[in-house]
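Enquirer: Before I ask anything, here is the structure I am working with.
The values are calculated or read from the model by the stated rules, or taken from the named source; none is laboratory data. All values derive from a computational prediction rather than experimental measurement. Using ideal geometry, Cβ is built from the backbone for each residue, glycine included, and neighbour counts are taken over all protein chains shown.
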Amino acid sequence: MNKIHVTVKYLGTFSQLTGRRQESVELDEGATVDVLAKKLVQGYGRDLKKRLEDIETRPVLFLVADRPADGDRELADGDEVLLTYPAGGG
């Protein structure tokens, strides 16, 4: 199976959890945002898993090409994925 590479950029809390601002991640062609999230949890452990699963109190936002992406969004080689919390307004 062919591989793709996406750049994951971590904002705010996610940068603190991973100790990085960004990284390149290799995935199988046809991988989705959910597949990427699972791979990140495998690499960074339960603290990241807890943040990603806590969607009821604090939903996580994955942005692909500057647009919100659902878990079933297929990723393409060279995509840039931002991992953050939605901005609050008031």
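Enquirer: How many residues does segment 23-35 hold that are surrounded by 13 or more Cβ atoms within 10 Å (Cβ to Cβ) and farther than 17 Å from GLY45 by Cα?
Expert: Residues flagged as surrounded by 13 or more Cβ atoms within 10 Å (Cβ to Cβ) and farther than 17 Å from GLY45 by Cα within segment 23-35 amount to 4.
Enquirer: Any idea how many residues of segment 16-55 are more than 21 Å from LYS3 (Cα to Cα), more than 10 Å from the chain's Cα centre (by Cα) and not aromatic (Phe, Trp, Tyr)?
Expert: The total comes to 16.
Enquirer: Is it the case that ARG58 is over 11 Å from the mean Cα position of the chain (by Cα), modelled with pLDDT under 90 and surrounded by 16 or more Cβ atoms within 10 Å (Cβ to Cβ)?
Expert: The answer is no for ARG58.
Enquirer: Right, next: Check off (1) modelled with pLDDT of 95 or more; (2) under 11 Å from the mean Cα position of the chain (by Cα); (3) not in a strand (DSSP E or B) for VAL6 and give me the number that stays unchecked.
Expert: Among (1) modelled with pLDDT of 95 or more; (2) under 11 Å from the mean Cα position of the chain (by Cα); (3) not in a strand (DSSP E or B), the lone unmet condition for VAL6 is (3).
Enquirer: So, LEU82, is that one part of a helix (DSSP H, G or I) and surrounded by 17 or more Cβ atoms within 10 Å (Cβ to Cβ) or not?
Expert: No.
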